[in-house]
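Presented below is the structure to which this report refers.
The values are calculated or read from the model by the stated rules, or taken from the named source; none is laboratory data. Keep in mind that this is a model prediction, so the values were computed, not measured. When we count neighbours, we look across all protein chains shown, and the Cβ atoms used for this are built from the backbone with ideal geometry, even at glycine. Heavy atoms of the whole protein, side chains included, go into the accessibility calculation; ligands, DNA and RNA do not. Shrake-Rupley method; radii C 1.70, N 1.55, O 1.52, S 1.80 Å.
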Amino acid sequence: MRKAWIVATAAVGAGMGFVMLLVVGVYLVAGNLAGGIGGGSVGLAKGSVPAAYQSLVQKWGNLCSAINPALLAAQLYQESGFNPNAKSPAKAEGIAQFIPGTWATHGVDGDGDGVRDVWNPNDAIPSAASYDCELASYVKNAPGNPTENMLAAYNAGAYAVIKYGGVPPYAETRNYVKTITTLAKSFAAPVTRVDPSQQAAGAITYAQKKLGTPYLWGGNGTADQGGRFDCSGLTKASYESVGVTLPRVANDQYNAGPHPGRDELLPGDLVFFSDDLTNSRAIRHVGIYVGGGYMIDAPRSGAVIRFDPIDTPDYFGATRVTEDGAKALPTSV
């Protein structure tokens, strides 16, 4: 939260043999592959920020060189999950989770209507960017990366950054800096090839063993559920089998790493589907890509875990899961 630091359809059956050969070949290839943001103009990944806030984040994310749109988006997601009505037990309020004392000092009238409203994203998002840049100005002479120093000042206070000549040696602060800079990668539009995940092959192997298992809404594959899954339960269990812990729901799994384009997909990438292609928070389905335009997924009630094509009108995009990306995700937003 914003702290006042000054004070402190491929059915399983006849066609399955061909697809299984395809899976075996490509996931082995995937298994053999090897497994600081700030400044300038950074594009946002498609739909990573809800359409209602995308232009605000893009504009205000370029307010100063220490931040960029993806970093600002990561902060907003980590704080509230882009929920303008969020309120924490600590009385942090709005999409940027300002506490009243900090808002009174640092809130700005972003839309020029004469009112500074913490519940209005048109004010709160510009205020978040302005606050970041103000912190950056306080620590501008500290050695090290300006963006990391700004984030450290946000967490521990500017004095600590100045005192230690950069990010202070506090575990909480260093973890916060790593979390936000890692999370920012899931909001930035990739400009170079996205490295493949080292865990991809194992995740596919796990999902492949579940082919033919009946779907269960809310299913996590536990014994009391008969080993059944829903879509995000399957993807979570698949990556958990190789030591990567994902959130439970599909729209949060989307932020577990960078986003390769359709022509850059590799086996093990998570592929997502939505009725609103402008908002990752509206994602409703996820599967594990296996190559050749197919995924393994748990599609719906009455169906079984199976191979399905990904090239449908509701295809949203993909995520290349990384360990750091998964660890950076908030436990609840």
*asked:* At a 4.7 angstrom Cβ threshold, list every cysteine in the chain that has nobody to pair with, or say none.
replied: CYS231
*Inter-label distance, nm, simple model (7 Å from Cα along the C-beta direction), TYR170/ARG248*: 3.2 nm
*Accessible surface, per residue, of region 184-276 when the full set of protein chains is kept, probe 1.4 Å, Å²*: 40 Å²
*Sequence-distant aspartates and glutamates (8 or more away, or on other chains) whose Cα lies within less than 15 Å of LYS327*: GLU172, GLU240, ASP252
_Placed amide H near ALA188: partners under 5 Å, 5+ positions off or other chain_ = ALA45
*Please say if region 198-328 is rounded, prolate or oblate, where rounded means a/c under 1.5 for a ≥ b ≥ c the square roots of the C-alpha gyration tensor eigenvalues, and otherwise the choice is prolate for a/b larger than b/c and oblate otherwise?*
rounded
*Please work out whether the chain counts as rounded, prolate or oblate from its C-alpha gyration tensor, where a ≥ b ≥ c are the square roots of the eigenvalues and a/c under 1.5 means rounded, while otherwise a/b larger than b/c means prolate and anything else oblate?*
prolate
*asked:* Can you tell me how region 53-187 classifies by the Cα gyration tensor, rounded, prolate or oblate, using a/c under 1.5 as the rounded cut?
replied: prolate
*Centroid-to-centroid separation of region 88-113 and region 50-74 [C-alpha atoms, Å]*: 17 Å
*What list of ³J(HN,Hα) couplings, whole Hz, do you get for region 117-133 from phi and the Karplus terms 6.51, -1.76, 1.60, once you set θ to phi - 60° and write x for glycine and proline?*
10, 5, 8, 9, x, 5, 9, 5, 5, x, 5, 4, 5, 4, 5, 4, 5
*Of the listed peptides 261-272, 307-318, what is their order by residue-averaged count of other C-beta atoms within 10 Å, with the highest listed first?*
261-272, 307-318
*At a 1.4 Å probe, what is the % contribution of carbon and sulfur to the accessible area of the chain?*
54 percent
*Work out the charge dipole of the chain with +1 on the Cβ of Lys and Arg and -1 on the Cβ of Asp and Glu about the Cα centre, then indicate which of GLN78, SER55, VAL242 is farthest towards its positive end.*
VAL242
*Net charge near VAL194: determine it from the other residues with C-beta under 13 Å of the C-beta of VAL194, scoring Lys and Arg +1 and Asp and Glu -1.*
0
*What does the helix-only formula give at 222 nm for the chain: each DSSP H stretch with n ≥ 4 adding -39500 (n - 2.57), the total divided by the residues, and the result rounded to the nearest 500 deg cm²/dmol?*
-11000 deg cm²/dmol
*Can you pick out the pairs among LYS91/LYS236; LYS59/LYS91; LYS46/LYS91; LYS59/LYS163; LYS59/LYS236; LYS46/LYS163 whose Cα atoms lie more than 30 Å from each other?*
LYS91/LYS236; LYS46/LYS91; LYS59/LYS163; LYS59/LYS236; LYS46/LYS163
*Short version: ³J(HN,Hα) in whole Hz for each residue of region 246-262, in order, from phi by Karplus 6.51 cos²θ - 1.76 cosθ + 1.60 (θ = phi - 60°), x for Gly and Pro, what are they?*
9, x, 6, 9, 4, 5, 7, 4, 4, 9, 8, x, x, 10, x, x, 4
